[in-house]
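These notes concern the structure reproduced below.
The values are calculated or read from the model by the stated rules, or taken from the named source; none is laboratory data. All values derive from a computational prediction rather than experimental measurement. In this analysis, Cβ positions are derived from the backbone assuming ideal geometry, glycine residues included, and neighbour counts consider all displayed protein chains.
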Amino acid sequence: MEINGKTGVFGVIGNPVDHTCSPAMHNAAYKHLKLNYIYIPMFVEKTFIPDAVKAVRALNIKGINVTIPYKEYVIPYLDKLDPVAKKIGAVNTIVNKNGCLEGYNTDGNGLVISLESEAGIDLTSKSIGLLGAGGSAKSIAFSLTQKNIKKLVIYNRTFSKARKLKEDLEQNSSIEIQACGYENNDYLKELQDNDIVINTTSAGMKPDEDQLPVPDMSWVKPGHFCCDIIYKPSKTLFLKKAELSGAEILNGSGMLAGQGVLAFELFTGYKIPFHIMKNEIN
Ligand code: ATR
């Protein structure tokens, strides 16, 4: 790759950023389409976030992704917020349109791409269970409730957070939404009634590899589709147990590729095949 005076610069800001796959994914996409762009990791301390966002404008950086822990924190420094990102309250993609910084969130739709295109699932009329009620759950739930699903049930260790997310979602959707805690064993029957169950919690991710997002996995049956948004390890304890009980499984590498494909399109205006980005995730 030749870098010259016309090379367009993109990047990702976060803390940490040393394990991010985004530079490999986006640079592979530029190479595939022969675009004169480069994408670099940018480690930013929290106190420098306002300066870092201003620098995007000052240095004519064409776009940046935002990763943990800054997805909410960058919002006050943007010029425009996409309505979806506004409702979710988190931004993972900032596009610099001639000095105007626009914030988007492609995380939830990234998972939808993975489920529909990669796993070949038709979400129409499906009952979907979501484990967790944090930031990741919110972006995924928002995207799923824009699809023609039958119902969404949010399960969370802290029931009040599941109820709050349900109430937020109901303001933007007419889909049936339920909230469920783990106080009694009713959740087991509830979970079994879903077609698809998605883990959005960090239970199972390093260093919590021995943790499960639900207290009991006896609800899993053949015919269930179990998905984890974690991609390291590539098979979490949740996915291992689900697979042993006969469920089909999918890890989070497709969601990562999917959010990248959507961010790439917002950044460049071009479409990139899903597998070009997916191949770069290790
Ligand atoms: P993120 O932005 O990654 O979603 P978050 O907003 O901090 O992170 O939310 C983390 C979610 O994972 C929460 O739903 C949390 O449950 P609580 O609301 O009860 O805290 C859930 N979570 C984290 N660790 C968990 C564990 N070991 N078991 C079950 N749920 C867990």
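Pick from segment 140-152 the residues that are of a type outside the set (D, E, K, R) and not in a helix (DSSP H, G or I): which of them is nearest to the ligand (Cβ to nearest atom)? Among those residues, the one meeting the criterion is L152. If I196 satisfies all but one of (1) within 20 Å of K87 (Cα to Cα); (2) away from the ligand (no atom under 16 Å from the Cβ), what's the number of the condition it fails? Against the list (1) within 20 Å of K87 (Cα to Cα); (2) away from the ligand (no atom under 16 Å from the Cβ), I196 comes up short only on (1).
To keep it simple, each residue is scored yes or no on (1) of a type outside the set (D, E, K, R); (2) assigned to a helix (DSSP H, G or I).
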{"residue": "D216", "(1), (2)": "no, no"}
{"residue": "G223", "(1), (2)": "yes, no"}
{"residue": "G246", "(1), (2)": "yes, no"}
{"residue": "G260", "(1), (2)": "yes, yes"}
{"residue": "E265", "(1), (2)": "no, yes"}
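Annotation note: Cβ proximity below 9 Å between a residue of segment 44-71 that is touching a residue at least 40 places away in the same chain (Cβ under 8 Å) and over 23 Å from A24 (Cα atoms) and a residue that is crowded, with 18+ Cβ neighbours inside 10 Å and not small (G, A, S) (sequence gap 6+ or interchain) occurs for R57/N96; R57/L101. Could you say whether any residue in segment 205-222 is within 16 Å of the ligand (Cβ to nearest atom), within 18 Å of S139 (Cα to Cα) and touching a Pro at 6+ places or on another chain (Cβ under 8 Å)? No; the residues of segment 205-222 include none that is within 16 Å of the ligand (Cβ to nearest atom), within 18 Å of S139 (Cα to Cα) and touching a Pro at 6+ places or on another chain (Cβ under 8 Å).
For segment 1-47, filtering for residues that are part of a helix (DSSP H, G or I), more than 19 Å from the chain's Cα centre (by Cα) and under 30 Å from P69 (Cβ atoms) leaves 6. Taken over segment 97-108, residues that are polar (S, T, N, Q), buried (at least 21 other Cβ atoms within 10 Å of the Cβ) and either farther than 18 Å from T268 by Cα or more than 16 Å from the ligand (Cβ to nearest atom) (or both) amount to 0. Check S234, S245, S253 and return the single one that is under 25 Å from V84 (Cα atoms) and polar (S, T, N, Q). S253 is the lone residue from the list that is under 25 Å from V84 (Cα atoms) and polar (S, T, N, Q). Residue pairs whose Cβ atoms lie under 6 Å apart, sitting 6 or more positions apart in sequence or on different chains, and linking a residue in segment 74-87 that is at pLDDT 95 or above to a partner that is exposed (fewer than 14 other Cβ atoms within 10 Å of the Cβ), are Y77/P50; D79/C100.
In segment 120-129, the condition of being within 14 Å of the ligand (Cβ to nearest atom) and either over 29 Å from V214 (Cα atoms) or buried (at least 18 other Cβ atoms within 10 Å of the Cβ) (or both) is met by at least one residue. When we screen A133, A137 for residues that are crowded, with 22+ Cβ neighbours inside 10 Å and in a loop (DSSP other than H, G, I, E, B), the only hit is A133.
For segment 52-91, the tally of residues that are within 22 Å of P23 (Cα to Cα), exposed (fewer than 14 other Cβ atoms within 10 Å of the Cβ) and away from the ligand (no atom under 16 Å from the Cβ) stands at 4.
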